[in-house]
1. Peptide B:83-94: average number of partner chain Cβ atoms within 10 Å per residue?
2. Could you rank the peptides A:169-177, B:120-128, B:539-547, B:380-388 by their average count of other C-beta atoms within 10 Å per residue, with the highest value first?
3. Determine, for each peptide in A:99-108, B:441-450, A:225-234, the mean count of other beta carbons within 10 angstrom over its residues, then list the peptides with the highest first.
4. How big is the antiparallel share of DSSP beta bridges in the protein assembly as shown, given as a percent to the nearest 5?
5. Let me know the mean shielding of A:270-278 by other chains, meaning the per-residue number of their Cβ atoms within 10 Å of its Cβ.
6. Plugging the Kirkwood radius over Cα pairs into Stokes-Einstein for chain B, at a temperature of 10 °C and a viscosity of 1.306 mPa s, what D comes out in µm²/s?
7. Once both labels are modelled 7 Å past Cα along the beta-carbon direction, what's the residue B:485-residue A:61 spacing in nm?
8. Please sort B:251-261, B:411-421 by packing, taking for each peptide the average over its residues of neighbouring beta carbons within 10 angstrom, highest first.
Amino acid sequence: MTTGLLRRLLALVLVLLGLSLTVFVLQEVSPIDPVRATVGASAPQSVVDAERARLGLDDPAVVRYLRYLGDIVRGDLQKSLRTHQPVRDDLARFLPATIELSLFGLALAAVLALAFGILGSRRGATSQITRFWMIAGAAAPVFLLAIAGKLLFYKQWGLLPAGGRGSVTNPPNGPTGLRTLDGLLNGRLDVTTDALRHLVLPGFCVALSPAVAVGRVLRGGLVDFSNSDAARTARSLGLTERAITLRHGLRNAAAPALAMGGLQVGLTVAGIIVVETLFAWPGVGFYLSQSLPDGDFPAIAGVTLLFGTVYVVANFLAETLQTLVDPRLSQ
Amino acid sequence: MKRSTPIHRSAAHHRRHVLAWIAITALVTAGCGSSDNDTASSGTTSSGNASGTTSGTASGTASGTASDPASGTASTDVLRMVLSTDPAPLDPDTYYESEGVRITRAAYEGLARYDADGALVPNLAVDWTISDDGLTYTFSLRPDVRFADGTPFDSAAAKASFQRLIDLAGGPSYMLAGIAKMATPDPLTFVVSLASPDPSFLAYQASAWGPTMISPTAVEEHQVKGDRATAWLANHTAGTGPFQLTDVRPSDLYTMTANPDYWGGPPNFARLELPVVPDFATQRLQLEQGDIDVIGLGLSLQDLESLATTDGVSVVTSKSAQRTLLSVNPNSTVFADQAVRTALQQHLDRARLTKDFYGQYATAATDVFGFDVLPHGAAPDEAIGDPDALAAALAPYSGQSITLGYYVELNEGRLAELIQLDLQEAGLDVTIQPFQASTIFALPTDPTQRPDLLLGAWEPDTLTADNFARIYWYTDSPLNFLGCSVPDADAALDRAAGIIDEKARQQAVIEAAIAYRNSGCWVSIADQQGTFAVRSDLQDIDTERNQTGMLRVDHLRRSS
């Protein structure tokens with residue numbers, strides 16, 4: 001276990017190093033001029049030159065990269081060229097919204113995946129309906145889901161908001177940064193309800209793809225188990241299908257589903273950039289999408305490193321969970 | 001008891017699982033809570049009172065109606081204007097972008113401003129005189145004006161505000177770079193002396209990014225480590241304007257509250273809310289549902305035509321200084337020859353392109369400068385639009401590959417496609433290349449990335465020929481994207497800057513304009529109108545010509 005942990009920590013460092021280098025090289029070869037983004041398009045050349053010198057952009061690339069790495073080690077992700085704030089502070093400001101959306105989306109994904117897996121493993125009409133929705137869900141691009149959701153739930157039925165994180169004036173600012181939770185902790189149920197309403201559509205868009213992916217793996221595992229000797233023995237002992245599925249089938253099918261879940265968390269993080277932009281959700285993904293056109297390298301690199309860390313950690317946790325569910329994998 | 005198996009299930013099981021599916025669907029909508037629309041902030045609904053609305057024109061005649069607390073309810077005293085991007089820090093002395101101008105211009109004011117027709121009118125200065133040598137400007141300041149923090153606006157505050165803009169040396173600081181001396185002989189007189197005449201100096205006082213008045217007391221109080229309060233002013237305001245920022249949620253919502261002591265009378269809205277909504281389809285849905293009141297940027301012809309017939313929504317137009325321009329790379333294989341550039345300039349059918357792409361919301365360019373800065377016809381730039389002549393001029397380059405770039409943040413992508421078709425008809429092999437903000441603004445200093453042609457829509461910082469030319473056309477100017485140099489034109493422009501006599505200066509400007517035109521480096525396509533999609537119950541809509549996409553919010557009101 002300890003060896004595995006150390007191995008994965010080393011992998012995390014290597015991944016982050018690789019990511020930082022990749023982003024830096026991309027910045028170097030791109031024609032983007034970040035200084036223009038800072039001082040404005042029609043600023044005179046003298047202002048541009050002064051800003052370039054101030055930012056140290058006249059130094060050789062190697063010097064700048066090493067300086068950047070040194071800053072990262074000290075926990076300094078540099079200042080955003082767009083917001084003029086330390087990237088660390090920006091991430092701290094936008095991260096709670098992303099965490100809230102991710103948690104809501106992943107929780108919804110877990111519920112949907114379980115439903116897809118269990119109902120899809122049955123035979124008959126239920127299975128057919130489930131599989132139809134799984135195929136439809138896998139085929140639907142996020143932007144299409146977003147548009148359909150807005151047209152139906154916002155424009156047609158007026159049930160849900162089209163975007164944003166909340167409509168309540170003066171929501172509480174803490175302590176967690178998660179609106180749903182802060183509303184409860186501050187006795188503001190209106191804030192919690194409002195936050196939940198704003199979470200539903202983007203949360204569903206975040207959830208559907210991983211739910212389908214995990215659900216398919218889970219369904220396959222359950223079907224395999226249903227046809228196994230163990231299941232037949234259980235049936236011969238008088239267990240109901242429900243008991244066989246819930247007590248034994250799920251445990252057997254969980255390991256590959258969890259592995260897929262770990263992968264999907266990483267992909268979800270990538271997809272969340274699109275979802276946040278489509279729903280004007282003020283999270284890290286939205287922050288990144290606003291930083292890209294301006295060539296805001298410190299912000300882009302900061303978010304990339306953050307997402308890279310999440311990806312590696314999520315996979316590590318998924319593998320650990322797999323080991324706990326099926327100890328044979330640890331050998 | 002009969003054992004249930006996958007093969008032998010009862011109909012009840014089927015029904016139960018179908019019901020489970022319905023439950024899952026219900027779960028998806030569980031967060032709905034109530035059936036109210038999302039209007040906790042705005043409280044507005046889609047029950048706008050106009051039906052089958054048609055286009056209108058910005059009146060340019062703000063009524064100055066005083067706020068009437070009895071006339072509005074909580075649902076109608078909030079004005080919601082959408083932002084497409086999250087604005088950069090909102091310190092007006094360094095802010096130099098488009099979106100956030102809605103905030104900075106609602107909170108801060110300059111000594112002068114433009115009206116809807118583009119005429120300079122008094123603002124915080126009620127009058128001004130210019131010395132005969134064109135070097136000294138004496139501003140008579142408006143009395144009884146206070147900053148939002150309650151401190152008085154006077155000549156000392158004006159001087160401090162000018163000095164701050166100069167000292168911070170941000171993008172807009174060039175507008176005051178020519179100042180040699182400032183004096184404050186009395187609290188209501190502010191005297192500025194220039195080192196040399198600058199034909200744009202007065203106009204800079206009305207620029208959307210020009211010098212604005214910031215409370216020196218607020219700057220002093222919120223200064224940290226000598227930063228001149230730049231950190232604080234990134235998300236607070238301390239101006240004299242009708243609204244001041246009271247809540248900032250980055251990338252989410254900017255809230256401004258009415259300044260009850262505004263010198264022009266209290267605004268008719270208690271709050272101005274600016275939600276950040278990058279997706280235009282969502283903006284449009286929210287406008288149709290009444291959750292936002294104004295969309296001011298990014299509207300295509302299709303959007304405008306559709307919105308003009310949407311219940312509760314009106315399309316409003318205004319004069320603007322936005323010029324659609326096709327820049328020509330003089331170092332391109334095809335366009336190195338001035339005769340070819342001139343043929344492109346004369347025979348690209350700009351009238352048809354304008355009609356097809358902009359419809360009624362723009363006119364084909366007919367003058368070198370498009371915002372009435374010179375008398376119509378003084379520096380003409382009219383096209384013949386003969387495709388055969390264009391094909392003949394391009395015949396030696398038949399089959400040659402060229403790149404046509406366009407600025408992706410505007411809506412001109414389809415116009416680029418129309419031009420591509422025309423040029424392909426004339427024998428060229430045209431590839432379209434979109435440019436992001438950061439890549440397009442790097443072109444002036446990176447010749448290797450320059451396309452053969454570049455399409456964009458641009459406006460000057462202020463409505464003078466000098467300013468437009470020095471930003472987009474002057475040799476090595478900040479946004480001379482494709483690096484064209486016309487020394488004769490530059491010389492004429494420099495000469496004009498030093499001429500005090502109005503007529504003589506205009507003559508020199510005309511000379512410069514014609515020289516820039518004759519270079520063939522810029523093909524003027526169209527002069528755009530400002531277009532807004534607004535809720536139909538908004539009244540007294542007024543604009544400033546130099547701020548495309550901006551509505552004046554001081555006297556805007558909602559009909560009862």
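Values in this text are rule-based calculations from the coordinates and carry no lab data. Everything quoted here is computed from the prediction, not taken from an experiment. Don't worry about glycine lacking a Cβ; one is built from the backbone with ideal geometry, like all the others, and counts go over all protein chains shown.
1. Details: counts 1, 1, 5, 9, 3, 10, 5, 0, 1, 0, 0, 5.
Average per residue, whole number: 3.
2. Highest mean packing first, the order is B:539-547, B:120-128, B:380-388, A:169-177.
3. Highest-to-lowest ranking by the protection proxy: A:99-108, B:441-450, A:225-234.
4. Here the share of antiparallel DSSP bridges comes out near 75 percent.
5. 1
6. 62 µm²/s
7. Computed distance between label sites residue B:485 and residue A:61 equals 2.9 nm.
8. B:251-261, B:411-421
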